Amino acid sequence: QASAEPILLVRGLYKHFGGIKATNGVDLAVGRQEIAGLIGPNGCGKSTLFSLVSGTVAPDKGEIRFDGRAIAGMSAHRIARLGLARTFQIPALFDNMSVTENLLAAAAEGHWPGAQERAAATLALLELGHVADNRASDLSGGQQKLLEFGRAVMRQASLILLDEVTAGVHPNIRKIILEAIASLRERGVSFLVIEHDMEMVRSVCDRIIVMDSGRVVTSGAFEDIVRNSEVMQTYLGR
Ligand code: ADP
Ligand code: MG
């Protein structure tokens, strides 16, 4: 029965910080093996939504179902162990540890069996093999984003939330990320990705979800969203 439900279902999700209505009644769903893009102007609540879904911030009100299970208010640790991973806009790495050690540390937080093999596979997937022994702090900004993504992959998540993972990275690294997303989806992983780069959104996302002022205002195929110039002007500022 659980498999009939979308991998992620959010209903009436509220989080206010004092007078700031960061999320103000979010409703959305992500299907199994779907790659959904989350777009909207700065400050509209995208990263807060990720924090609520991944359990680092507790909602004031609302329902979050992951893989058929109610997770709203659960600890971030428990949610991660259920198979939901998120990346941060600013990579949260262990600066003094090597690339491989950063990957293994992510596995240690969840699914340890086979971690060495998974680290090797993740290094190959993200083309980080040549810097495997480098300290995380010695990587380029783009490589740090790759490693942040790799840490989510190591957790063997069935849903990965990516927060602007391609923002400001070199086109070569962007290509590696896009191919890795597609390849993981083939293996059954679902994605919700926050992105500002419309070319990236167009090339990788099955569906776009548009947020404004703490709510989802519309969703649909990229072409339909872009064709709706009112949505583009109001919500994307173009
Ligand atoms: P986005 O990721 O779409 O740019 P955010 O979710 O980061 O937007 O922020 C939504 C709103 O909530 C913004 O006005 C932001 O300043 C505010 N906000 C986010 N986190 C906090 C917090 N921990 N405390 C106070 N205000 C916050
Ligand atoms: Mg954000």
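Counting other C-beta atoms within 10 Å, which of Asp27, Asp67 has the fewest, and how do the rest follow? Each step should come with its number before you reach the end.
Values: Asp27 15, Asp67 19.
Going from least to most buried by this count: Asp27, Asp67.
Of the trypsin sites (Lys or Arg not before Pro) in segment 119-222, the ones in a loop by DSSP (not H, G, I, E or B) with at most 10 other beta carbons within 10 Å are Arg187.
Only bridges with both residues in the chain count here: give the DSSP antiparallel percent, nearest 5. Write out the running numbers ahead of the final one.
Working: 21 of 37 bridges.
In the chain, DSSP labels about 55 percent of beta bridges as antiparallel.
With 10 angstrom as the radius, rank Thr218, Thr100 by how many other C-beta atoms surround their C-beta, starting from the fewest. Intermediate values should be presented prior to the final figure.
Values: Thr218 15, Thr100 20.
So the residues, fewest neighbours to most, are Thr218, Thr100.
Hey, which of these cross-link pairs are over 24 Å Cα-Cα: Lys46/Lys145; Lys145/Lys175; Lys21/Lys46; Lys15/Lys175? Check vs 24 Å cut-off fails for Lys15/Lys175. Projected over every direction and averaged, the convex hull enclosing the alpha-carbon atoms of the chain yields 12.7 nm².
Considering the convex hull of the alpha carbon atoms of segment 38-124, report its projected area averaged over all viewing directions, in nm², one decimal. Walk me through the numbers before you get to the answer.
Details: hull surface 29.4 nm².
The orientation-averaged projected area of the Cα hull of segment 38-124 comes to 7.3 nm².
The modelled label-to-label distance for the pair Trp112/Phe17, using points 7 Å beyond Cα in the direction of Cβ, is 3.6 nm.
The alpha carbon centroids of segment 1-78 and segment 131-175 are separated by 23 Å. Here the Karplus relation 6.51 cos²θ - 1.76 cosθ + 1.60, evaluated at θ = phi - 60°, turns the backbone of segment 163-175 into coupling constants of 9, 6, 6, 9, 4, x, 8, 4, x, 4, 6, 4, 4 Hz, with x for every Gly and Pro.
Quick check on segment 108-238: what are the equivalent-ellipsoid semi-axes from the Cα gyration tensor, as sqrt(5λ), descending, whole Å? Please report the intermediate quantities before stating the final value.
Working: eigenvalues 190, 53, 31 Å².
They are 31, 16, 12 Å, listed from largest to smallest.
Phi angles across segment 120-135 convert, under the Karplus curve 6.51 cos²θ - 1.76 cosθ + 1.60 with θ = phi - 60°, into 3J(HN,Hα) values of 4, 5, 6, 4, 5, 4, 9, 6, 10, x, 6, 10, 3, 9, 6, 5 Hz, Gly and Pro given as x. Multiplying the residue separation of Ala124 and Gln89 by 0.36 nm and subtracting their alpha-carbon distance yields 10.3 nm.
Counting every alpha-carbon pair across segment 91-175, the share separated by more than 23 Å comes to 12%. Counting beta carbons within 10 Å around each of Val189, Val226 and listing the fewest first gives the order Val226, Val189.
We did not get these values from a lab; they are worked out from the coordinates using the rules stated. Every value quoted in this text rests on a predicted model; they were computed, and no experiment measured them. No Cβ is skipped: glycine too gets one built from the backbone with ideal geometry, and neighbour counts run over all protein chains shown.
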